[in-house]
Amino acid sequence: MSSAGRALPDVGLVVAARQGDQRALDDVVAASLPLVYNIVGRALRGHADVDDVVQETLVRVIRHLPALNDPAAYRSWLVAITIRQVRDWETRRRAALNRDAGLDAIHNVPDPASDFAGMTILRLGLTDQRREVAEATRWLDPDDQELLSLWWLEETGEIDRNEVADALGLSPGHVAVRVHRMKEQIQSARGVVRALRARPGCPDLRAVTVEWDGNPSSLWRKRLARHVRDCASCGRLGSTLLPIDRLLAGLPMLPLPAGLSAHLPSAAAPAAAAQAAVPASPTVGPTDAGGGPSVVDLAVNRPRGLVPSLAAGVAAAVLAITMAVVILPDEPSAPSWAAPPSAAPSTVATPSVVPSPSARPSSRAPVAPAVNSARKGVGVWNFAGASQALANSKAGWYYTWNTHHQGISTPRGATFVPMIRSAENVTAAELARAKAAGPDLLTFNEPDLREQANMTVEQALDLWPQLMATGSRLGSPAVAWGAPDAQGWLDRFMTGAQARGYRVDFITLHWFGADFTTATAVAQLRQYLQAVHQRYHKPIWLTEFALIRFDGGGSQFPSQAQQAAFLTAATAMLGQLSYLQRYAWFGLPATEKDRSGLFSDGAEATLVGRAFQAAR
């Protein structure tokens, strides 16, 4: 099988890999490696951690493959996972820099053998203006390197704009704006590269670069580009530059490092060798029979730095990972809600947590691992076993549409968020209770509905100073719908608050999907959140959401499998939105009336409840 090309790996191979065929899984991983390597390497600019991030990405791909609803969407899904791992790496790197201030030289040491601009020029044999484009990418802002890694592959025909948008969690229109700005930076840097290489060169440019250390950076790009723009001699050098798009069109991906293909997992690898690589005991300890680190320890839970190089390390780990993850006995199979037959596939993002696949069929009912997360929350009203159900849900926060939680115990590790529900709750006693409950405060619940808070914009604005006096972080009133609409209830409130100098710290939203097709519902939710963020430019809390169709005063619900599939795909998508701070499912109790609920009693989780437990 070729390691490149948009058509590979094919759908049949992905399906076989999802079903536990190790040979197919080896081939899928081998075919995926070039794309992952190109994205990670360029995004990290050849940092020494490229091999680690590639390995972590492949581990995540293998573990989560059973939850991929649409095998035809594998490529888009793979790109989204890869970008998420790049972002996780960047988060860890920045945290380390903040912790070890002054040690930048340690955390930012590039691997000289992995400079992606240099390797692109060398291995693709670029000449003239294509070489200048590759060199110019070294000058980009750090935040644009991630976008560059995807855009370069888009221009070379490896991925398309929708896959770029999905991976970044942005609309195609927003991606177009960011790409345009990045291309302007590259174009500016091309002029700098050409001016610096000119001979005999500009004397004034040499004077500007006296203090430059020779390392490309966004700061020096701006300084040198200013000179090139104002200098008649240097400016003329850029008059013959061809469009970047034309130069990159048709280029192949950067080939893998020498020696890597020789170590890729082979479809012909004997099963006996695979079995020998994995401890026979179901319990995987820190060492294997020989006393050294086990395959699982090295491939999945290894300390950073154990694998020395991409050429040998990633390839060996790919083989070890596919063997270890697939063959480990007695691991739970993927939950039934990961790919319900009645739900349409979701191609939005990777699920946050799913169990490892198993090559052995299991007669036991699949159980998803419960995951604690500070981001995920739930709306709670009292019912038999509410406190136990709340603890079992693993929600990191909850609210009760009130300033107190009478009859409900807050689990360890979770927080209660109070709410001033309507105008009648704006009293000294309620405000004092809200202030004592915590740093965050939810405000007027669906003021645009008669049966809820039922408030005018002016009434809410007049009461707002009393809420600000609590000192809490204030969420906006949570409208039932139309949050991004010009002249809608929320728009008029936010305009009035700004005019009066009032503080609103985050936007609170409700969303209920009437289309029960997973992919469509998730896309609609994402579009709604993006539209709201683009209008108000504030963090967002999504405090009520589920699939419920309101027709003629009644409520229609999807099947449990459809609701669970939506919850899984939606929470994975929400994890990609940097401005989405918290979300809360509607709601905790599952009754005949409220069939989107998570628990029928304190201990009995619904199919939706098990999906919620596994969400982040």
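Only residues in segment 206-219 that are in contact (Cβ under 8 Å) with a residue 12 or more places away in the chain count as the first member; pair them with residues that are loosely packed, with under 11 Cβ neighbours inside 10 Å, Cβ under 7 angstrom, at least 6 apart or cross-chain, and list the lot.
Final answer for the pair search is none.
How do the strands (runs of 3 or more DSSP E) wholly within segment 548-616 filter down when requiring 1 or more residues that are more than 26 Å from Leu442 (Cβ to Cβ): which remain?
It comes to 549-551, 554-556.
Looking for whichever is surrounded by fewer than 23 Cβ atoms within 10 Å (Cβ to Cβ) and either hydrophobic (A, V, I, L, M, F, W, C) or modelled with pLDDT under 90 (or both) here; the options are Ile540, Ile548. Which one fits?
Values: Ile540 fails: surrounded by fewer than 23 Cβ atoms within 10 Å (Cβ to Cβ).
Residue meeting the stated conditions: Ile548.
Could you identify the single residue in Ser472, Ser476, Ser555 that is surrounded by 23 or more Cβ atoms within 10 Å (Cβ to Cβ), polar (S, T, N, Q) and closer than 24 Å to Gly377 by Cβ?
Testing whether each residue is surrounded by 23 or more Cβ atoms within 10 Å (Cβ to Cβ), polar (S, T, N, Q) and closer than 24 Å to Gly377 by Cβ leaves just Ser476.
Residue under question is Leu170, and the condition is that it be crowded, with 20+ Cβ neighbours inside 10 Å, at pLDDT 75 or above and of a type outside the set (Ser, Thr, Tyr); does it hold?
No.
I'm told Ala561 meets every condition in (1) among the small types (Gly, Ala, Ser); (2) buried (at least 22 other Cβ atoms within 10 Å of the Cβ); (3) within 26 Å of the chain's Cα centre (by Cα); (4) at pLDDT below 95 except one. Can you identify the failing condition by its number?
Unmet for Ala561, out of (1) among the small types (Gly, Ala, Ser); (2) buried (at least 22 other Cβ atoms within 10 Å of the Cβ); (3) within 26 Å of the chain's Cα centre (by Cα); (4) at pLDDT below 95: (2).
The values are calculated or read from the model by the stated rules, or taken from the named source; none is laboratory data. This structure is a prediction, so every number in the text was calculated from the model and none was measured. Quick reminder, even Gly has a Cβ in these numbers, built from the backbone with ideal geometry, and neighbours come from all protein chains shown.
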